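J.: Please find one structure pasted underneath; my questions will follow.
The values are calculated or read from the model by the stated rules, or taken from the named source; none is laboratory data. Predicted, not measured: the structure shown is a model, and the values here were computed from it. Using ideal geometry, Cβ is built from the backbone for each residue, glycine included, and neighbour counts are taken over all protein chains shown.
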Amino acid sequence: VARSLAITYYRTSGSSYNCSASIDYFDADNDPQETPFYYWEIADDASGNNAKNIGFAGSDFIIAETQFNKWVRFTVTPRAKTGLLAGTPKTSSWTQLINNAPVAMNPSITINDNSYFFASYDFVDTENDPSDTPIYKWEISDELGNITSQTGVTPYYYFSTIPDKWVRVTITPKASAGVLMGTSETSRWINTNNTAPQAVPEISFEQITDGLYSFKGTYSYIDDETDEEDKNSVVYSWEKSPITYAGGMNGGEIIPGVSTSTMTLNISNTYIRLNVYIAAKTGKKNWGSCPFQSAWVWIP
């Protein structure tokens, strides 16, 4: 018996799409399954008008891009390798082959130190149609949400040195096949005075045995504009020093081979410090190559 008939489809290459039939095979006597017979049809609508027989084929059927918005169905004859070999044919419901428009997910803006604003987004297309160059529209405002002018800038970046303005970008995604133009999505407003995030690192430790310690580093993330942290960009390093260089960037020796927030180390009569490099997902991402540093901690 063939149960739970379904059709899925996706782009393969060029202008071809693969329609795939799936069934749930069941045999009351547990006879093993043999390859079923499939019979495909294509029609103009869900009622099967102007249906054409594609003929016997396998579980996958290739349809050209020009046939999108048609309706397809298949009839399957389940087969067993032993016992009663052929089951009763069963036909799926009509399924429309719709090509969906691309989507611009998570539109956002980042800022570098040279007053350049960069737009980014995630291109999503249900049928895996390849992306084309999107359309960008930049807007600038004197007050948050009060649009005063469109900049006329269309690349993925925008340059502005004007202080205390608000900038946002609208992105219209494009595909190079299938449905070409997607729905426009707009980022949130970013102030031109947007500042980079800060971190406040701290160290905790406990002694395991004489001279052997386990260390754990944590930090608080602070962003004046509440830009979300990019946690995948966090980098840790640890320093040691026989004396403390309070408030200084130099003098400590980087502990090799440790790039995580925890470590175990044989050490004594030494100061330890944690360095943390962070970034924001939007707005001004970071402070360049400068880390945020914890206070020196004395290890007796």
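J.: Say we look at region 21-60 and pick out the residues that are among the acidic types (Asp, Glu) and out of contact with any Pro (no Cβ under 9 Å at 6 or more places or on another chain); which of these is surrounded by the fewest Cβ atoms within 10 Å (Cβ to Cβ)?
T.: Top of the filtered list is Asp29.
J.: Applying the selection to region 38-68, what residues are more than 25 Å from Val1 (Cα to Cα) and of a type in the set (Val, Ile, Thr)?
T.: The answer is Ile62, Ile63, Thr66.
J.: Confirm whether Ser141 is of a type outside the set (Phe, Trp, Tyr) and in a strand (DSSP E or B).
T.: Working: of a type outside the set (Phe, Trp, Tyr): yes; in a strand (DSSP E or B): yes.
Judged against the criteria, Ser141 is a match.
J.: Would you please name the residue that is nearest to the chain's Cα centre (by Cα), looking only at residues in region 280-297 that are at pLDDT 90 or above, surrounded by 17 or more Cβ atoms within 10 Å (Cβ to Cβ) and not in a loop (DSSP other than H, G, I, E, B)?
T.: Only one residue fits best here, namely Ala280.
J.: A follow-up question, please. In the set Tyr271, Tyr277, which member is more than 30 Å from Arg188 (Cα to Cα), among the aromatic types (Phe, Trp, Tyr), modelled with pLDDT of 90 or more and crowded, with 17+ Cβ neighbours inside 10 Å?
T.: Tyr271
J.: Based on this model, can you work out whether Thr91 counts as of a type in the set (S, T, N, Q), surrounded by 15 or more Cβ atoms within 10 Å (Cβ to Cβ) and modelled with pLDDT of 90 or more? I'd like the intermediate steps shown before the answer.
T.: Numbers: of a type in the set (S, T, N, Q): yes; surrounded by 15 or more Cβ atoms within 10 Å (Cβ to Cβ): no; modelled with pLDDT of 90 or more: yes.
In short, no.
J.: Tell me, please, whether a residue that is under 30 Å from Lys285 (Cα atoms), touching a residue at least 60 places away in the same chain (Cβ under 8 Å) and not acidic (Asp, Glu) can be found in region 86-102. Full working, then the answer.
T.: So in region 86-102, the residues under 30 Å from Lys285 (Cα atoms) come out as 102.
Keeping just the survivors that are touching a residue at least 60 places away in the same chain (Cβ under 8 Å) gives 102.
Cutting the leftovers down to not acidic (Asp, Glu) gives us 102.
Yes.
Matching residues to (1) part of a loop (DSSP other than H, G, I, E, B); (2) charged (D, E, K, R); (3) over 29 Å from Ile111 (Cα atoms):
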| position | (1), (2), (3) |
| --- | --- |
| Ile171 | no, no, no |
| Arg188 | yes, yes, no |
| Glu206 | no, yes, yes |
| Asp227 | yes, yes, no |
| Ile243 | yes, no, yes |
